[in-house]
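Inspection log for the structure reproduced underneath, given as C-alpha cells.
Rule-based calculations on the coordinates, nothing more; no lab input. Bear in mind the structure is a predicted one, so any value in this text is a computation, not a measurement. Neighbour counts run over all protein chains shown; Cβ positions are idealised from the backbone, glycine included.
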Amino acid sequence: MKLYLKIWRQKDASSPGKIVDYTLDGVEGDMSFLEMLDILNEELVSKGEEPVEFDHDCREGICGTCSLQINGEPHGPDRLVTTCQLHMRKFNDGDTIVIEPFRAKAFPVIKDLIVDRSSFERIQQAGGYISVNTSGNTVDANSIPINKYDADEAMDAATCIGCGACVAACKNASAMLFTSAKVSQFALLPQGRIEATERVQNMVRQMDLEGFGNCTNTGACEIECPKGISLTNIARMNREYLSATLKG
Amino acid sequence: MGILDSKIPSGPLADKWTKHKNDINLVNPANKRNIDIIVVGTGLAGGAAAATLAELGYNVKTFCYQDSPRRAHSIAAQGGINAAKNYQGDGDSNYRLFYDTIKGGDYRSREANVYRLAEVSGNIIDQCVAQGVPFAREYGGMLDNRSFGGVLVSRTFYAKGQTGQQLLLGAYSAMNRQINRGKIQAFNRHEMMDLVLVDGKARGIIARNLVTGEIERHSAHAVVLATGGYGNVFFLSTNAMGSNVMAAWRAHRKGAFFANPCFTQIHPTCIPVSGDHQSKLTLMSESLRNDGRIWVPKKKEDAIAIREGKLKPTEIIEEDRDYYLERRYPAFGNLVPRDVASRAAKERCDAGFGVNKTGEAVFLDFASAIERYGKEKALTSGLKNPDKATITKLGEEVVEAKYGNLFQMYEKIVDQNPYKTPMMIYPAVHYTMGGLWVDYNLQTTIPGCYAAGEANFSDHGANRLGASALMQGLADGYFVLPYTIGDYLSKDIRTGAIPTDSPEFEEAEKQVRERMEKLMSGSGIHSVDYYHKKLGKIMWNKCGMARNEKELKEAIKEISALRKDFWENVKIPGSIDSKNQELEKAGRVADFLELGELFAKDALHRNESCGGHFREEYQTEEGEALRDDENFKYVAAWEYKGEPKDAELHKEDLVYENIELKTRSYK
C-alpha cells in the first residue's frame, strides 16, 4: 500500500519543530509500524537525508521504549499494543498518517519523535521501591503467604511498562496512572505495606514537582494504556494518599 | 597457546563458595566510600550488581544506552526463573539443579561456578519476594512453580509471561533506592565506547552521551561489564534492536579473552520470519512447551497443501500428525532442551515437512491441553457430562490465564487466533552462552575488569537451560560479584580517586574520536543496515543451527571481505556532535563484523558437536550431537591479536570431579 506520512521533525530540544510530508510506497500489512518507519529511513539515508529518529528497542511490546502519537492516539489506533506491535494491516492504502512525539510539559522533545521521560525516573526514585537490602538474608519466600487475589492484582499493576502513553493521552498530561500503578503494586503486598505512607507521599510530591497535570477522571489513560492498567489503581492511590495525609 | 587459571577454590564442591567467601579480603565500610565502580549495562546482572555494590557503600556509576535502566532487554524474558527450592517436594536439590545445568550445557561448563549458581538460587527467590516481585501464587498463598525443558522437576518460578520484566523492575527499584541515596549516579542514554587501562588495570571508560554526542571520560577503581549477549550478530534475533557486543568487544581488544564465541542458543519456539522487511524476531516462551505439542504433518502432500493454503492444520487427523519430539524423545517429549528441539524442527523442515509459506515452521498445538484443562475444570466446577463446546470454552479460559499475554502477542503479529488454530513456530537466535572469559571471581583477563550475566561465558556451557538466564544474571549481580570484587578492591584502599587527565585517558578518547571520524568518512554507498543484514545472512546460513568445515571457511572469508567493504563504503548521515542513531548503529555493526569472524573461526576449530554447536561432520547415526571429550573438553578463550583471523587460542581444561561425563540422552 501507499501511505502519506506527516511526521514531526525537530533538530533538537532548543530548535522549533514542524510537520514534514513524506510519501511511502510498498508498505505491507505484515510489517509493524516501526518496520514501516525503517523503510522510510532507509530511503532517506540513501538520499543522504537524516533519518527520522524515534525511540524503540525490544520491539515486542515490553521494554516501553517506543512511543509515538499516531493520528492523535498514543501507540496508534489498535488497543492493548505498543507502537512496535502495531501492524500496518490496521491501515489502508492511501491513508494519511500523522506521527508526532508524545506531548507533555514533563516530556520535552529531544529530537524528532524522541522525548525525554526522565521525569518518570525521578518519580520512581522518590519512593518506587521497598527498602530491603539485596544481601539475600531475608526470610524464606514462602514464610509470608499472600492471598492469590492480592498477588494477581499486584501483578496486574506491576505490568506497567513506563512508556508514558497515559500522560500523552491525558488532556491534563497527568501521570496518575503511571504513579498509581507502582503505589498499588506495593500497597497490595505485605512487604510493601510497611512504607506505604511515606511512599505515596514522596512519589506524589515528585510527580507534582515534575509538572504533570492533575487527574480529572476522564479515563483516557486507561483506554490508551498498552498494558491495560486499570483506573482502579488511581482510586487506590487517592485512598492511600488521603490516609497518609491523615496520619500526617 | 597458554593455559588459563580459573582460580577455583580448593575443597569439596559444596563447600567451595563458603570457604572462598571466608578466605577473600574485605574492604572496610569507611574505605568503601573512597572507591568508585563503573557498571556498564543495567539489566538483571548490571542492575543487581549496581544496587548491591552501592548498598555495600561503594560509589557506583551506571551506564546504559537506553533512556532508563528499566528498559534493558532482561525485561523481555518471559517464562521464569529456576531455583532449587523444592517447594513442590518433587526431589529437587542444589545438586540436582547443578547436575541438570551441567548436563544441559553438554558438559562444557565449569563445575564450581555452576554449583555456586545452584547454591544461591534459593536466595534469589527470597530476595525478590522481599522486594515486592509479584510471583504467581497458588490459592493457599504459596508460590507456584512450573516445569521447563531439560529437567524432570518443577522448579521454575514465574510472574505470568513477564518474569523478566518483574525481576528487572525489582532490580531497578533496588537501584532507584540507591540513586535516591546518592550512591548510584545513573548515566542513561550513554554508550561505552572504550575501556581505559592504566598500568594494565581497568580504570575507567570513554562514554558517548547519545543525546548531545559529547565524549566523556569516567574513571573508577574497577569496571563491571554486564552488557548482555551478542545474538544480534545474526541481525535477526530475539534480542532488542540495540543489544550489541560493543562493550565486551572493546574490552576484548584491550586484552580480555573472549570465550566460546560459537556457543549460541537457537531458541525453538519463535514466531517465524514473514518477509524481508523483518527487523527482529519474537520469542514465544518455552513455558508453552509445558502444554503445547509440537508437530508437522506425517505426509509430505499434506505439508505442501498447508503451505499452499489448501488445507487447514485442524483438518489433519491425529494419525496423520507427526509429534516428532514425542516420537524421538519419549522420556522428555516436548520438553527436551532447546538445542535438541531446534535441530529437530530444522530436520523436519529440511526434509520438506515445514508448514508456513516459507516452509520453515512447525506447529505448536494447544488443542489437547485445552481439552485436558477443560475436562478438569468442568469436573472441579461440578459440571456433569459437559458438551465439547463447554469443555473447549473452559479449557481456553485456563490456557488464557496461563499464557494469555503470549497468545495475544502471537495474534497481533501473525493475525491468527492460536486458541483455534495451532501456532506456527520456528527456531531463532536467542542467547549467547559464549562471552568474556572470567575466572571464579568473574574477573576477565584484564585486572579490575569484571563481566557478569550473559556477557560472561561461565555457567551454561554449550547450551543454556530455560529459565536459567534470569537465575544467573541475578546470582552474579546480587550475590557473587559484590563479594568477589572486594578481594581485588582491598588493594585499592589507598589509591585515591583515579584522575581522568592522564595520558591513558587522553589516548583512549583520541582513538574513540578517530574511529567515529573514520566511520563517517565512508564513501557513502550503503546504509548500516545493508551491512548488518548481509552479515546476518552469512551467520545464519553458515554459522547457524548446523555448521560444516567448508561453509565456515567461506563465512570467514565473506565476513572479512564484508568488513573491508563496510569501512570503505558505509553511509552515515548527520554529525558526530549530535544525536545520531545511524552512527550508533554503525559503531555496533563494526564490532559485530569482527566478532562474526571470530565466531566462525571458533566454530571451525571445534571439531565436535556439543549443545548449540552442531557440526554436521560429527553426529551419530540417529543425527544426535557427537561430542569429543578427549580433544575438546575445554573452554576456548581467544586473545585479540589484531585481525580476528590472528586471534590466539588459550585453553581452560574443564575438570569434572563430581559428575561423570556421559552422552547426553533425553530419549
- Query: How do the peptides B:619-629, B:232-242 rank, highest first, by the average count of neighbouring beta carbon atoms within 10 Å per residue?
  - Reply: B:232-242, B:619-629
- Charge tally for neighbours of B:Gly41 with beta carbon under 12 Å away, counting Lys, Arg as +1 and Asp, Glu as -1, is -2
- Using only atoms on other chains, find how many Cβ atoms lie within 10 Å of each Cβ of peptide B:66-74 and report the average. 6
- Counting only residues 5 or more places away or on other chains, whose amide H sits under 5 Å from the amide H of B:Tyr450 once H atoms are built in the peptide plane? B:Val223, B:Val224, B:Leu225, B:Thr444
- In peptide A:111-119, how many Cβ atoms from other protein chains are near each Cβ within 10 Å, on average? 3
- Note on the structure: Relative contact order of the range B:250-369 (C-alpha contacts under 8 Å, at least 6 apart) in percent is 31
- Task: Within the range B:426-495, report the trypsin sites (Lys or Arg not before Pro) that DSSP leaves as loop and that have at most 13 other Cβ atoms within 10 Å.
- Result: B:Arg494
- Partner lysines whose C-alpha sits under 16 Å from that of B:Lys491, ignoring same-chain residues fewer than 8 away, are B:Lys32, B:Lys201
- Query: Once the dipole of the range B:1-120 is set up with Lys and Arg at +1 and Asp and Glu at -1 on Cβ about the Cα centre, which of B:Thr101, B:Leu4, B:Gln78 lies farthest towards its positive end?
  - Reply: B:Leu4
- Query: Where the centre of each part is set by its Cα atoms, how far does the range B:541-581 sit from the range B:456-494, in angstrom?
  - Reply: 31
- When the Karplus curve 6.51 cos²θ - 1.76 cosθ + 1.60 is applied with θ = phi - 60°, which whole-Hz ³J(HN,Hα) does each residue of the range B:108-120 get, with x for Gly and Pro? 10, 10, 8, 3, 4, 5, 5, 5, 4, 4, 5, 5, 8
- Charge tally for neighbours of A:Asn133 with beta carbon under 15 Å away, counting Lys, Arg as +1 and Asp, Glu as -1, is +1
- Please report, in Å, the Rg and the Dmax of the range B:255-350, where both are computed over Cα atoms only. 16.3, 59
- Message: Just to be sure I follow: if Rg is taken over the C-alpha atoms of the range A:113-170 and Rh is the Kirkwood radius over the same atoms, what is Rg/Rh?
- Response: 1.09
- Query: Of B:Leu53, A:Leu5, how do they rank once you tally other Cβ atoms within 10 Å and put the fewest first?
  - Reply: A:Leu5, B:Leu53
- If you wrap a convex hull around the Cα atoms of the range B:219-264, how much volume per residue is inside, in Å³? 94
- Item | Antiparallel bridges, percent of DSSP beta bridges restricted to chain B (to nearest 5) | 70
- Note on the structure: The lysines whose Cα lies under 21 Å from the Cα of A:Lys171, excluding any fewer than 8 residues away in the same chain, are A:Lys105, A:Lys227
- Item | Point-charge dipole on Cβ atoms (K/R +1, D/E -1) for chain B, about Cα centre, debye to 20 | 1040
- Query: Expressed as a whole number of Å, what is the distance separating the alpha-carbon centroids of the range A:125-156 and the range A:167-216?
  - Reply: 18
- Length-normalised contact order for chain A - Cα pairs under 8 Å, 6+ apart - percent: 20
- What is the dipole size for the range A:116-239, taken about its Cα centre, with +1 at each Lys and Arg Cβ and -1 at each Asp and Glu Cβ, in debye to the nearest 20? 180
- Under Karplus coefficients 6.51, -1.76 and 1.60, residue-wise ³J(HN,Hα) of the range B:435-445 in Hz, glycine/proline x: x, 5, 5, 10, 8, 4, 7, 6, 8, 7, 6
- Query: Can you list, bin by bin at 10 Å, the percent of alpha carbon pairs in chain B, starting at 0?
  - Reply: 3, 16, 27, 27, 18, 7, 2, 0, 0
- Nearest 10 degrees, 0 to 90: what angle lies between the long axis of helix A:148-158 and the longest principal axis of chain A (Cα atoms)? 40
- Roughly how big is the range B:270-356's charge dipole about its Cα centre, with Cβ charges of +1 (Lys, Arg) and -1 (Asp, Glu), in debye to the nearest 20? 160
- Task: Counting helices only, and only those DSSP H runs with n ≥ 4, report the 222 nm mean residue ellipticity of the protein assembly as shown as the sum of -39,500 (n - 2.57) divided by its residues, in deg cm²/dmol to the nearest 500.
- Result: -11500 deg cm²/dmol
- Counting only residues 5 or more places away or on other chains, whose amide H sits under 5 Å from the amide H of A:Ile97 once H atoms are built in the peptide plane? A:Tyr4, A:Leu5, A:Lys6
- Distance between the range A:1-75 and the range B:618-642 - C-alpha centres, whole angstrom: 45
- Counting only other chains, what is the mean number of Cβ atoms within 10 angstrom of the Cβ of each residue in peptide A:32-38? 3
- Give me the percent of Cα-Cα pairs in chain A that sit more than 30 Å apart, rounded to a whole number. 34
- Message: Based on the alpha-carbon set only, what is the convex hull volume of the range B:49-143 divided per residue, in Å³?
- Response: 159
- Item | Furthest towards positive pole of dipole, B:Phe235, B:Asn176, B:Tyr139, structure part chain B, Cβ charges | B:Tyr139
- Which residues qualify? For B:Tyr634, with a placed amide H closer than 5 Å and at least 5 residues away or on another chain, they are B:Leu654
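Using alpha-carbon pairs under 8 Å, 6+ residues apart, how would you state the relative contact order of the range B:49-206 in percent? Walk me through the numbers before you get to the answer.
Numbers: 235 pairs, mean separation 58.4, N = 158.
Reported relative contact order: 37 percent.
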- Message: Angle check, please: helix B:367-380 long axis (alpha carbons) against the longest principal axis of chain B (alpha carbons), in degrees 0 to 90, nearest 10.
- Response: 80
- Based solely on C-alpha atoms, express the radius of gyration and the Dmax of the protein assembly as shown in angstrom. 26.2, 82
- Note the angle between two axes, namely the Cα long axis of helix B:528-542 and the longest principal axis of the Cα atoms of chain B, as a number of degrees from 0 to 90, rounded to the nearest 10. 60
- Task: May I ask you to evaluate 6.51 cos²θ - 1.76 cosθ + 1.60, the Karplus curve with θ = phi - 60°, for each residue of the range B:203-219 and list the ³J(HN,Hα) values in order in whole Hz, giving x for glycine and proline?
- Result: 10, x, 9, 9, 10, 10, 6, 6, 7, 9, x, 5, 9, 10, 10, 10, 10
- Note on the structure: Expected sort for B:Tyr230, B:Tyr373, B:Tyr634 with the fewest Cβ neighbours (10 Å cutoff) up front is B:Tyr634, B:Tyr373, B:Tyr230
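Write down, largest first, the equivalent ellipsoid semi-axes of the range B:1-102 in whole Å, where each equals the square root of 5 times an eigenvalue of the alpha-carbon gyration tensor. The partial results should precede the final answer.
Working: eigenvalues 163, 118, 50 Å².
Here the semi-axes work out to 29, 24, 16 Å.
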- Message: Among A:Gly192, A:Asn202, A:Asn217, whose Cα projects farthest towards the positive end of the dipole of the range A:178-218, with charges put on the beta-carbon of Lys, Arg (+1) and Asp, Glu (-1)?
- Response: A:Gly192
- Can you put B:Tyr172, B:Tyr478, B:Tyr115, B:Tyr87 in order of Cβ neighbours within 10 angstrom, beginning with the fewest? B:Tyr87, B:Tyr115, B:Tyr478, B:Tyr172
- Not counting the cut sites, what is the longest span of chain A without trypsin sites (Lys or Arg not before Pro) that DSSP labels loop and that have at most 15 other Cβ atoms within 10 Å? A:172-248
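What does the charge count near B:Ala625 come to, summing +1 for each Lys or Arg and -1 for each Asp or Glu among other residues with Cβ under 14 Å from its Cβ? Please report the intermediate quantities before stating the final value.
Working: positive: B:Lys103, B:Arg108, B:Arg328, B:Arg338, B:Arg343, B:Lys346, B:Arg547, B:Arg606, B:Arg615, B:Arg627, B:Lys662, B:Arg664, B:Lys667; negative: B:Asp106, B:Asp339, B:Glu347, B:Glu608, B:Glu616, B:Glu617, B:Glu621, B:Glu622, B:Glu624, B:Asp628, B:Asp629.
Once all neighbours under 14 Å are counted, the net charge is +2.
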- Query: By what distance, in whole Å, do the Cα atoms of the range B:618-667 stretch along each of the three principal axes, largest value first?
  - Reply: 45, 29, 16
